[in-house]
Amino acid sequence: LTLTRYKHLTEALEAREQELGVDFVVDYASWLAPDPSHHIYPRNLYTPGVEGGSPLTYCGEGIGELIGKDRWEGCTPERYNVDGTAERLIKAGVDEIVFVDLTTSGVRFFKTWDVVNMARQVVAKHNRETGADIKVWWVNDPTDLMTESYPEEPAGWTLSLGDFEKDRTVPLEGRPNPVSSDPRLAEFHVKGIEEHFTPGVSMAETGILLVNHATRLNNQFFDPKIDDTVVLNRNIKGLLQERHPELKEQNILGGWFGMKTPNPFVELGPRTTSRFERTREMRGENLGDARLYEKRNLFPDGDMGYRYWEALDELKNNGVKQIIVAFPQIMVDSVLNLVEVPNQIAKEIGFKNWLYFDTLDFETYPDVGHPFADFWGMGVDTECKAADGSGDVVQCCLTMGGCGDDARRPYPPPRQTQINKVRKDLDPSLAYDVSEFGHLGYDPEQGPPNLDAPVQDQYRGTWTVWTPPNDNPDVGKFLADKVVDFVTSPRPGRAVGPVYLGKRSLQVDTGKRL
C-alpha cells in the first residue's frame, strides 16, 4: 500500500513537471525501513557508534547450540553499507530536498523529524565537502518549529539523558501544519467512517471514537504531535457533523491510549531511576502520554480529552446503538487497526458485539475470520503465585468472571511484581480477558457474565473499525498538491541546519562519526 501511494505521488508530480518547469526526482524514506536502502542514511546504522565497535553486519549466525546453522535466510551482511534516500537524491543532482510526510497522517512527530534531521546532517556534510548549497525542507513543518524548539542544553540532548537543562520555547501560534490541518485529509477518514454506518441505525444513535497514539514524555517540548492530532480530529468531527447533521456532538469523541503512571513505593537506585510503570487502570499501556506542546502536565480536554475506555463508556451510557472506531493517525492498514485496536475495543465492550461477528471476515483474517486474542496484552506471563499465600505456582486466571471456584486463581490476577519494584511489563495483572461483551458495565459482585448476551450495564449495540484510505489515488494527488504549493511559493525563510544528537551524528567540525 505504501509503494502504491508512492507510485501515485510520483505520477501526480511528473504530470506537473512541464507546467512548472521543474524536474521532480521522487524517492521515499522510512523511519523503520524493511528495505535498508530506504533508510534516509543506512550507514548511520552500519557504522559503529562507539569506539572499538563493529559494523552492523549481523545475520543471525552463531547463537547458542546452533552455531553456523541459524543464518537468516537471504540476509546480506553489508545490507546497511549502501546509499540511502538522502545520498541517492544528492547523486541525482537535486537543488533542494522537499519532504512531505504521512507517517502519522501528516501530523508533526519526532519520528519523521528524526528522518528530516538526519537528511540535513547528510546534506550539510555534502555541502561542506563540495561547496554545494542544497537545502532541505519539510512541507509539514514549513517554519521548522520542531528544529527551532529543540531543547538547547545539554547540547545533543536525547531522551536517554533524562530532563534537559534548558529549553528553547517557541510559540505554536502562527506555525501551522498545512498537511494535517487540511480538510481534504480529514475527508479521507470521514469516508472510511461512512463505509461502516449500519443500515437501520439512525445517526442520532451512532457514536464515533477517534483513537490516537501520543508521543513520549519530554518530547512535547519540541514535538506538537498532540496539538496537530487534535486539529485533525476536530476537522473530522466538523466534517462528519456537516455531512450528517443528525450525529450528536456528544457522540463524537477523541480518546487516547493508556500511559505509565508513578508508583510512589518504588525504591530508586542505580538501576531504577524512575517510578513510572504500567498499570491495570491504564490498561497496561504506555502509548498515551498525550501532553500538549510545550506543556509540562497539560493534556487535551473536553471532547478530545478522553482515554478510549472512558469514551466508550460515555458512548455506551449515551445509548448509542453503533460505534465506529477510527485511528486517524494511520493512512494504510497495519497491525494497529487490524489487530491492536480491535482487541483493545473488544476487551472493553466485547468481541460478540463486533459488527462482523456473525459472518466473520476470512478475507482479512484467513482461517479464523476475526482479529481477537484470548486476552490482551498477549505477552504477559501466565504463571502466578497462588492467592492463598501457600507459595504454590498456578496458572493465572485470565477469564473475566473467574475460573470456577478456585480461590487461588482470582481474576484479574494479582500483581506479581513486588510493590517496591517497577511493575514488570509482563506482569499478568496487566492482562484483560477479551470477553464476549466486555468489562465496561460488568460487576463480578453482581453475578457471572453471560457468554451469549450482555448482562448488567454491558454495551448492547455493535462496533467496528473504520477503513483507512489505503490505495486511494487521491491521497497521492493530495500530497503532490502540497509539494507543488510549497515549491511554487516563496520559501519561509532560511533553511535551518540539523540538530546534532549525541555521538552518532555527522559532526559539523569533522564531518565524521565520533
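The values are calculated or read from the model by the stated rules, or taken from the named source; none is laboratory data. Predicted model only: the values in this text are computed from it and were never measured. Heads up, the Cβs are rebuilt from the backbone with ideal geometry, glycines too, and the neighbour counts pull from every protein chain shown.
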Original post:
Based on what the data block shows, is Gly255 crowded, with 21+ Cβ neighbours inside 10 Å and either among the hydroxyl-bearing types (Ser, Thr, Tyr) or closer than 27 Å to His370 by Cα (or both)?
Top reply: yes
Subject >> Residue that is farthest from Val499 (Cα to Cα), among those in the stretch 102-157 that are free of Cβ contacts under 8 Å to residues at least 12 places away in the same chain and touching an Asp or Glu at 6+ places or on another chain (Cβ under 8 Å) >> reply: Asn127
**OP:** Please work out which one of (1) surrounded by fewer than 22 Cβ atoms within 10 Å (Cβ to Cβ); (2) in contact with a helix residue (DSSP H, G or I) (Cβ under 6 Å, 6 or more places away or on another chain) is the condition Val434 fails and give its number.
**Re:** (1)
Subject >> Residue among Leu298, Leu292 that is aliphatic (A, V, I, L, M), in a loop (DSSP other than H, G, I, E, B) and loosely packed, with under 15 Cβ neighbours inside 10 Å >> reply: Leu298
Original post:
Are any of the residues in the stretch 264-282 under 20 Å from the mean Cα position of the chain (by Cα), farther than 23 Å from Pro413 by Cα and surrounded by fewer than 23 Cβ atoms within 10 Å (Cβ to Cβ)?
Top reply: no
Original post:
Cβ-Cβ below 9 Å, separation at least six or inter-chain, first residue in the stretch 492-509 and within 20 Å of Ala132 (Cβ to Cβ) and outside the structural domain of Trp137 (by TED's automatic domain parsing), second surrounded by fewer than 13 Cβ atoms within 10 Å (Cβ to Cβ) and at pLDDT below 80: which pairs?
Top reply: Leu506/Lys512
Original post:
Can you name the helices (runs of 4 or more DSSP H) wholly within the stretch 142-256 that have at least 1 residues being more than 24 Å from Leu102 (Cβ to Cβ)?
Top reply: 225-243
**OP:** Could you pull out every one of the helices (runs of 4 or more DSSP H) wholly within the stretch 1-113 that has 1 or more residues that are at pLDDT 95 or above, among the hydroxyl-bearing types (Ser, Thr, Tyr) and closer than 24 Å to Lys135 by Cβ?
**Re:** 2-14, 85-91
**OP:** Please find, among Glu281, Glu267, the residue that is more than 18 Å from Asp427 (Cα to Cα), acidic (Asp, Glu) and part of a loop (DSSP other than H, G, I, E, B).
**Re:** Glu267
Subject >> Selection status of Asp433, under 30 Å from Leu45 (Cα atoms) and assigned by TED's automatic domain parsing to the domain that holds Ile193 >> reply: no
**OP:** Look through the stretch 445-468, keep the residues that are in a loop (DSSP other than H, G, I, E, B) and of a type in the set (A, V, I, L, M), and return whichever of them is surrounded by the most Cβ atoms within 10 Å (Cβ to Cβ).
**Re:** Val455
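When you scan the stretch 201-212, do you find a residue that is hydrophobic (A, V, I, L, M, F, W, C), within 26 Å of Val116 (Cβ to Cβ) and surrounded by 21 or more Cβ atoms within 10 Å (Cβ to Cβ), even just one?
No, the conditions are met nowhere in the stretch 201-212.
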**OP:** Could you tell me whether Ile324 is buried (at least 19 other Cβ atoms within 10 Å of the Cβ) and over 18 Å from Arg108 (Cα atoms)?
**Re:** yes
